[in-house]
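The values are calculated or read from the model by the stated rules, or taken from the named source; none is laboratory data. Keep in mind that this is a model prediction, so the values were computed, not measured. When we count neighbours, we look across all protein chains shown, and the Cβ atoms used for this are built from the backbone with ideal geometry, even at glycine. SASA here: full protein model, heavy atoms, side chains in, ligands and nucleic acids out. Shrake-Rupley method; radii C 1.70, N 1.55, O 1.52, S 1.80 Å.
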Amino acid sequence: QVQLVESGGGLVQAGDSLRLSCAASARTFNRYAVAWFRQAPGKEREIVAAITWSGGTPYYADSVKGRFTISRDDAKNTVYLQMDSLKPEDTAVYYCAARSGRYRVDPSEYNYWGQGTQVTVSA
């Protein structure tokens, strides 16, 4: 079992930055791929970024490429999402999710989910 706890969300203005953290409980955390998803009201959950192992090539949705950076510190069992140049359309609840093995972009492929953290970007 893996427990995930997100933190770092908040209310910011367009152009600001936020860093989300996802702390995991797994003793073998480095064997899990971790992804960040987001869900805005009335919309489906969509992948934002994913990473399989530290140093591996991460995945980014086109909408966040060049603005968001995913990273992981396996010594701390934590994955981060650095979000720069935030836009109002980035407003959503952000979830981290984990699965054994490599990352996938389909949320149904993830077994473990955090409770979510709200990110609101005002114009």
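In this rough spin-label picture, where each label sits 7 Å from Cα along the Cβ direction, the SER122-LYS87 distance is 2.1 nm.
Between region 58-84 and region 19-45, how far is it from one alpha carbon centroid to the other, in angstrom? Going from one Cα centre to the other spans 10 Å.
Computed from phi, the 3J(HN,Hα) profile of region 72-82 under the Karplus parametrisation 6.51, -1.76, 1.60 (θ = phi - 60°) reads 9, 10, 5, 5, 9, 6, 9, 10, 10, 10, 7 Hz, with x in place of Gly and Pro.
The magnitude of the dipole of the chain, with charges of +1 and -1 set on the Cβ of Lys/Arg and Asp/Glu and taken from the Cα centre, is near 320 debye.
Of the accessible area of the chain, computed with a 1.4 Å probe over protein heavy atoms only, carbon and sulfur atoms account for 44 percent.
A simple spin-label model places the labels of ARG102 and ARG27 2.9 nm from each other, with each point 7 Å out along Cα-to-Cβ. Springs join every pair of Cα atoms under 10 Å in this Gaussian network model of the chain, and among ALA49, ALA75, ALA14 the largest mean-square fluctuation is at ALA75.
Take the chain with all the other protein chains still there, run a 1.4 Å probe, and you get 52 Å² of accessible area per residue.
Computed from the Kirkwood radius of its Cα pairs, the Stokes-Einstein diffusion coefficient for the chain at 37 °C and 0.692 mPa s stands at 233 µm²/s.
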